[in-house]
Amino acid sequence: MAKKADLSTVKRMQTSFEKLRAEIGKVIVGQDEVVEQLLIAIFARGHCIIEGVPGLAKTLLIKTLADCLRLDFSRIQFTPDLMPTDITGTEVIHESASGRKREFRFLKGPIFANVILADEINRTPPKTQAALLEAMQEGQVTVGGKSNPLPDPFFVLATQNPIEQEGTYPLPEAQQDRFLFKIFIKYPSREEEYDIIRQTTEQEGEAARPVFSKKAITDVQEIVRRVPVAEPVVQYAMSLVRKTRVDDESGEDTPDFIKEYVSWGAGPRACQCLVTAGKAKALLAGRFHVAVEDIDAIAHPVLRHRILTNFHAEARGYTVDKIIDELIETTPAEDSEALGDGEVRKVLRS
């Protein structure tokens, strides 16, 4: 049971979240689900891959989000000639005013910011991709034997263009697994597109105002870790992930559609991401406990880049999202005996 102080804090946070959404809405039309998933990723200390065709305001969305959170923003345009030191930084020779002393000094690269937009990450060679992913994992950059810590909080949004694949270096599945979410940005509805045209072709609109501070964000990230998760919810998240594994020899009941369409399933990190993101999702909804519905809500962005489909799925147009839909439909939450407890059932369904 959460303490009263925790519950009151959650309610205040929910009010702040609503203000944050409203401020972002002054600049970004629609994309409510995308905005929510980005907020979940930030408060869960995760990174995102975002995929969408050009012209869907990906850069503007991230810049607006950084402004509303009072975070330093850096955009890196990934190109085939980009070197690792171009993003991490390098040592340069510094000469004193008298000219008698020379020493190496570290010149920080653009990765030293709170929010990094890695634009078209699949256009740069694997060596440069690896440098970014290493910094994401370690939270620091090592140059000349000295470690340079990255700012806190630190959030990477790597974009990919799905319509141009010539001359690209797609991220391997093992490296995509380091990202908490893979988010799809879709075309706006007719009404939203009308509002976009009106808003961007007439007089300059109202700017978004800051809502959070860096200290407030780190406080929320710490609170996310304290959100309780009932045992049946953990078991449910594990069932979703374990059913994706075709070659699992533990006796797990793998569905037939997984055996037919999947060549490789999700690993243990997917379970961790489901639970952690589920905690952040619950907080955004004003609750201090995780429900099964929270796991279902973030299952697609967590799993879609961790399930590798085979030729049969591609030939029949059976997408990863369809597989996740069927996983949710065929994985009942009532499998655990712990659901017999009325209090736990109340927590799961509230």
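Hey, among the residues in the range 233-251 that are of a type in the set (Gly, Ala, Ser) and crowded, with 16+ Cβ neighbours inside 10 Å, which one's modelled with the highest pLDDT?
Only one residue fits best here, namely ALA237.
Checking THR159 against (1) in contact with an Asp or Glu (Cβ under 9 Å, 6 or more places away or on another chain); (2) farther than 17 Å from PHE78 by Cα, which single condition isn't satisfied?
(2)
For GLY99, are the conditions met, namely being over 21 Å from the mean Cα position of the chain (by Cα), surrounded by 16 or more Cβ atoms within 10 Å (Cβ to Cβ) and at pLDDT below 85?
No, not satisfied.
If only one of ALA135, ALA118, ALA208 is of a type outside the set (D, E, K, R), assigned by TED's automatic domain parsing to the domain that holds ILE87, under 30 Å from PHE17 (Cα atoms) and touching an Asp or Glu at 6+ places or on another chain (Cβ under 6 Å), which one is it?
ALA208
Within the group LEU38, LEU56, which residue is at pLDDT below 80 and among the hydrophobic types (A, V, I, L, M, F, W, C)?
LEU56
Taking only the range 102-125 into account, find how many residues are surrounded by fewer than 18 Cβ atoms within 10 Å (Cβ to Cβ) and part of a helix (DSSP H, G or I).
0
What about PRO228, is it modelled with pLDDT of 85 or more, surrounded by fewer than 16 Cβ atoms within 10 Å (Cβ to Cβ) and either assigned by TED's automatic domain parsing to the domain that holds HIS289 or in a loop (DSSP other than H, G, I, E, B) (or both)?
Considered against the rule, which asks whether it is modelled with pLDDT of 85 or more, surrounded by fewer than 16 Cβ atoms within 10 Å (Cβ to Cβ) and either assigned by TED's automatic domain parsing to the domain that holds HIS289 or in a loop (DSSP other than H, G, I, E, B) (or both), PRO228 comes out as yes.
Looking at the range 260-277, I want the residues that are aromatic (Phe, Trp, Tyr) and have a partner that is surrounded by fewer than 14 Cβ atoms within 10 Å (Cβ to Cβ) with Cβ atoms under 6 Å, at least 6 apart or on another chain. Which pairs are those?
TYR261/HIS312
If you take just the strands (runs of 3 or more DSSP E) that sit entirely in the range 126-216, which of them hold at least 1 residues that are basic (Lys, Arg) and touching a helix residue (DSSP H, G or I) at 6+ places or on another chain (Cβ under 9 Å)?
Ranges flagged: 181-184.
The values are calculated or read from the model by the stated rules, or taken from the named source; none is laboratory data. Only a predicted model underlies this, so the values are computations on that prediction, with no experimental measurement involved. Ideal geometry is used to build each Cβ from the backbone, glycine not excepted, and the neighbour counts take in all protein chains shown.
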